[in-house]
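Scroll down for the structure; my scribbles are underneath it.
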Amino acid sequence: MVSTGLHYFVLVLFSVLIVRAKCQSCDGLTEYAPCTTTTTTTTTTTTTTTTTTTSTTTIQKGVNIPANAKWKQNGVTIAGGHGKGNATNQLSFPRGLFVDDDQTVVIADYSNHRIMHWKNGDTTNGQVVAGGKGAGDGLHQLNQPADALIDKETDSLIICDAENHRVVRWSRRSGTTQGEILIDNIGCWGLAMDEQRYLYVSGGGKHEVRRYQLGENNYTLVAGGNGKGNDTNQLNYPHYLFVDRQQNVYVSDKENHRVTKWNKGAKEGIVVAGGQGTGSALTQLSHSEGIFVDTLGTLYVADSWNARVMRWTQGDKKQGAVVAGGNGSGAGPNQLYFPYGLSFDRQGNLYVADWNNHRVQRFSME
């Protein structure tokens with residue numbers, strides 16, 4: 001998505017034109033008598049206005065992560081971590097998350113029916129920015145939100161309000177008390193947005209991914225849509241999404257224990273991680289959830305039931321490598337317990353929604 005800011009640079013060109021004209025001051029003289037000559041100086045000012053356009057993208061900007069990057073194995077809790085609850089220092093089964101350029105973390109606090117902001121440096125308390133009024137279908141309520149992203153052009157949040165079967169938008173401006181419905185009657189789970197202002201929504205019940213132009217109800221099918229299954233043209237409960245700058249769509253195909261890539265306009269997906277049945281080998285995933293792709297095309301996956309985050313380098317579809325967790329399910333700093341959403345900040349630090357530990361962990365790049 002692109003927003004336009006106009007910056008005006010005014011270049012003032014002064015050109016001085018010296019006009020030496022023999023003006024006919026001939027009052028009272030005969031037709032061919034010599035007239036007096038005067039010199040006239042004219043100053044002309046020309047103003048040129050140059051307009052430049054800058055762009056602000058809604059999607060998370062490309063993150064440059066070295067191919068040999070490593071992360072500290074002990075994560076730091078940056079949100080929640082005080083047990084399951086609904087206080088502002090607590091979370092209850094967090095799912096999707098989004099990291100803004102200033103390291104503000106947006107969290108879909110699933111069982112608290114709210115969206116939380118956690119600002120960089122404030123690990124004590126978050127801020128409720130949508131919902132938080134109990135489960136319900138009022139415009140001031142959410143019901144088990146599964147994912148959220150920031151729409152910078154409108155300074156708002158776009159939220160997958162899962163159990164209300166809708167996608168809603170909430171302004172980020174202070175004093176906002178309710179949202180508006182963007183898409184209704186849709187079984188949504190994951191969201192993504194590209195730079196052309198298209199919104200992508202995964203629908204678990206229909207096993208498909210749709211692309212919408214904001215403000216329109218019509219959609220384009222971009223992945224799946226051929227019933228539940230494990231063929232290359234099918235999905236089995238697609239959850240989270242990532243869309244690259246070429247509008248290729250990556251889908252965490254949860255119950256197929258794989259991630260598939262659907263090139264723009266393709267009718268079939270390509271398995272880029274897992275797809276070898278459920279298991280804990282490096283060739284396998286078990287209930288794939290959150291995904292992220294860096295500028296090198298390296299794929300990162302929340303391998304939920306294996307309590308780890310995996311990395312698949314581009315072209316290596318046979319096996320991945322563990323980059324965080326993988327030490328059994330637990331609450332230790334080097335452990336995860338059903339990781340769901342994941343993302344990175346501009347410095348390459350990894351953020352994971354640690355579902356059953358009711359916290360968000362940050363693993364800093366070494």
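Taken over region 272-311, the criterion of being surrounded by fewer than 17 Cβ atoms within 10 Å (Cβ to Cβ) and either part of a strand (DSSP E or B) or not hydroxyl-bearing (S, T, Y) (or both) is satisfied by Q276, G277, T278, G279, A281, L282, L296, G297. Of the residues examined, N306 is one that is without any contact (Cβ under 8 Å) to a residue 40 or more places away in the chain and polar (S, T, N, Q).
Here T260 fulfils each of the conditions (1) under 21 Å from the mean Cα position of the chain (by Cα); (2) within 30 Å of K119 (Cα to Cα) apart from (2). Contact map, region 66-77: residues that are in contact (Cβ under 8 Å) with a residue 60 or more places away in the chain paired with residues that are assigned to a loop (DSSP other than H, G, I, E, B) and of a type in the set (D, E), Cβ distance under 8 Å, separation 6+ or inter-chain. Pairs shown: A69/E366; K70/E366; W71/E366; K72/E366.
Spot the failing condition for G187; the list is (1) at pLDDT below 95; (2) more than 24 Å from D244 (Cα to Cα), and only one is missed. Every listed condition holds for G187 apart from (2).
Among strands (runs of 3 or more DSSP E) entirely within region 20-105, having at least 3 residues that are surrounded by 11 or more Cβ atoms within 10 Å (Cβ to Cβ) and modelled with pLDDT of 75 or more singles out 76-80, 94-99.
The values are calculated or read from the model by the stated rules, or taken from the named source; none is laboratory data. Here the structure is a predicted model, which means the values were calculated and not measured. Positions of Cβ are generated from backbone atoms using ideal geometry, with glycine treated the same way; all protein chains shown enter the neighbour counts.
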